[in-house]
């Protein structure tokens with residue numbers, strides 16, 4: 001269970017951490033109830049400000065993906081706890097699709113890319 | 001044999017181990033081959049040019065602890081208080097390790113301007129383990145039970161011994177020594193906590209090798225702490241026997257205990273040497289890289305101590321070497337521990 005951080009990535013570090021954890025949850029590598037390292041451990045390992053990791057965890061908590069229990073750490077939440085509207089869930093997909101169109105990819109190409117990625121995520125989550 | 005003679009034997013053993021350590025540290029800069037100086041990839045002419053001086057200075061710094069403890073040892077021998085040699089050994093061990101850490105860091109910093117430029121570029125991708133690291137994950141329950149039970153048995157014997165005739169026994173003499181050893185054990189637990197918190201960022205390239213080397217080193221340090229705790233527990237166990245033995249039989253009992261203790265020390269030393277060699281093999285498999293410095297530690301940690309509440313690390317790697325973060329909880333715990341140790345020394349009996 002490794003989290004990758006890339007300095008060449010345009011996303012801020014907190015976003016990379018949050019996205020990385022989301023990806024691991026989607027792929028089923030972080031299952032419901034799995035403990036996450038404390039903010040201090042992750043911040044020290046990465047050598048960043050405590051607030052950077054705290055912000056990432058807060059974002060995950062707001063999205064209902066993790067539960068922060070004060071004193072006993074953070075755990076991956078149950079899938080049923082994700083109470084987000086369809087519109088809210090579709091927002092990042094729309095952003096990604098917009099970026100792909102602006103990058104000059106044709107709709108058929110985008111569709112095949114999405115299908116491939118979905119198969120990949122689906123396989124790993126089984 | 002007199003207790004002073006045992007102290008001399010132990011001091012000689014310390015020197016044998018120490019010379020071996022000096023040889024090992026002397027070879028350390030060249031372990032990766034001629035293209036490397038410690039973990040810095042250097043240019044081919046490094047050892048014929050300026051690097052030669054850096055290497056010689058590193059070797060010279062290895063003798064700083066000798067300059068401190070040899071005069072002290074001479075003073076102890078001249079004064080005749082040979083039991084103080086045990087304290088000298090403890091102090092020298094700490095000094096040797098601190099001096100070595102700072103010396104390696106200084107040598108690497110001096111070598112960096114002469115390094116291969118490409119190797120000095122921080123890696124773009126790093127990986128982190130999402131596995132929580134807690135002290136209990138690195139704890140052997142059987143060892144903990146054995147240590148706790150042995151201490152409890154010894155303390156129960158001491159309580160029984162003291163309350164059999166409280167008017168004839170000195171409370172501080174009966175419980176002072178076990179209290180000291182228990183405090184040492186607590187100190188080792190604190191060191192274990194620091195080792196568990198030791199950060200583990202690794203590059204994406206060869207991540208597995210780096211991770212394995214780091215984890216094995218962590219486990220080695222933790223086990224070394226457990227050896228020290230076992231030695232402290234042996235001290236607690238011995239005390240009720242020593243204190244209840246009549247003066248005529250004390251030397252014999254002490255001799256048996258010392259022989260057992262020396263055997264443990266020899267076995268532990270052999271184990272340390274074997275493990276060190278295994279760890280070197282593991283470390284050599286992973287190519288050292290420079291990791292990105294997100295916190296700009298060289299700018300925020302300019303002095304040996306700093307106050308950075310937002311930095312989660314105990315030690316920051318500043319421009320002039322390591323800097324102790326006074327805002328870290330572990331620093332507070334360490335300071336409280338040292339204060340408690342001083343208070344304990346003040347309470348301990350000064351003589352039989």
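Here are the numbers:
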quantity	calculated
With eigenvalues of the C-alpha gyration tensor scaled by 5 and rooted, the stretch B:1-121, Å	38, 12, 11
Among B:55, B:173, B:78: highest mean-square fluctuation, GNM of chain B, C-alpha pairs under 10 Å	B:78
Per-pair calculated FRET efficiency, R0 = 45 Å: residue A:23 and residue B:335 via Cβ, rounded to 0.05	0.60
q = 0.10, 0.17 Å⁻¹: log10 I(q)/I(0) that the Debye formula gives for chain A, counting C-alpha atoms only	-0.37, -1.02
Chain B, helix-only ellipticity at 222 nm - DSSP H runs n ≥ 4, -39,500 (n - 2.57), divided by all residues, nearest 500	-23000 deg cm²/dmol
Approximate spin-label separation residue B:116-residue B:141, in nm, with each point projected 7 Å along Cα-to-Cβ	4.9 nm
Distance cut-off 20 Å, percentage of C-alpha pairs in the stretch A:13-81 lying past it	19 percent
Sorted by Cβ neighbour density within 10 Å, fewest at the top, the residues A:99, B:167	B:167, A:99
Shielding by partners - mean other protein chain Cβ count within 10 Å, residues of B:188-198	1
Mean separation of Cα contacts under 8 Å, 6 or more apart, over the residue count of chain B: relative contact order %	19 percent
Cα gyration tensor of chain B - equivalent ellipsoid semi-axes, whole Å, descending	42, 24, 19
Descending Cα extents along the principal axes, the stretch B:125-285, whole Å	69, 29, 22
Chain B: most fluctuating residue of B:312, B:240, B:166 per GNM, C-alpha cutoff 10 Å	B:166
Number of partner chain Cβ atoms within 10 Å, mean per residue of A:6-18	2
Helix-only mean residue ellipticity at 222 nm for chain A, each DSSP H run of n ≥ 4 adding -39500 (n - 2.57), per residue, nearest 500	-18000 deg cm²/dmol
Per-residue average of Cβ from other chains inside 10 Å of B:120-133	6
Three semi-axes of the equivalent ellipsoid, the stretch B:270-334, Cα gyration tensor, whole Å, largest first	29, 17, 10
Neighbour-count order for B:157, B:225, fewest beta carbons within 10 angstrom listed first	B:157, B:225
Fewest-first ranking of B:220, A:57, using other Cβ atoms within 10 Å as the exposure measure	B:220, A:57
Between 0 and 90°, nearest 10: helix B:64-79 axis offset from chain B longest Cα axis	20 degrees
Mean Cβ count within 10 Å, highest first, over the residues of peptides B:91-102, B:228-239	B:228-239, B:91-102
Using distinct alpha-carbon pairs, which all enter the 1/r mean, Kirkwood radius of the protein assembly as shown in Å	26.6 Å
Most mobile listed residue (B:137, B:69, B:226) in chain B, GNM with C-alpha springs under 10 Å	B:137
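Laboratory data are not the source of any read-out in this text; all were calculated from the coordinates shown. From a predicted model like this one, the values you see are computed outputs, not experimental measurements. Positions of Cβ are generated from backbone atoms using ideal geometry, with glycine treated the same way; all protein chains shown enter the neighbour counts.
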